[in-house]
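Below you'll find the structure, written out as structure tokens, and then a few comments.
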Amino acid sequence: MRSSLLILLLGLASAGCSPRLVPLYYDYRLPDTTAAALPPVARALQAAGWETTQLTPTLLQTAPRPLQHWGLYRVMVRLEAVPINGRFVRLFIHPYRQYFTGRRSKIPYLPAGLRATLLPRLHAALQAAGLTPAGTALERDRSPLR
């Protein structure tokens, strides 16, 4: 009984120290659902300094871009955008660490520092192109029903 109580308390204590997990995507509502979805996204990302490597009607990809440098590694980010139901664009964020040795490791969530650096710039660039941030599925589930 004492050992299970101790394990429960340790589990609760460690849960408070874990990072806030943020999905690696963000949805944007399109202003005009009759036009092609990805060209305005490509123009907005290029205006924000991202280099587009692939643009098809169903997929937009950018080249990796360094966002943070921590001495032993750089945090690199690559973006992908796909249209959803003709009304939304989902922007996937692919962050990873590139070590000075050349090795890479994927970052499985969006850390607070990277989120604070990346998301406001992306939101501003896409809002300038007329897209409205719609959040993630987790954020929409937490909001009150309309």
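Read-outs throughout are calculated quantities, based only on the coordinates presented, and are distinct from any laboratory measurement. What you are looking at is a predicted structure, and each value in this text was computed from that prediction instead of being measured.
Numbers below:
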item	result
Computed over the range 22-141: relative contact order in percent, which uses C-alpha pairs under 8 Å that are six or more apart	33
Separation between Cα centres of the range 56-95 and the range 31-53, rounded to whole Å	13
For q = 0.11, 0.12 Å⁻¹, Debye-computed log10 I/I(0) when each Cα of the range 22-141 counts as one equal scatterer	-0.36, -0.43
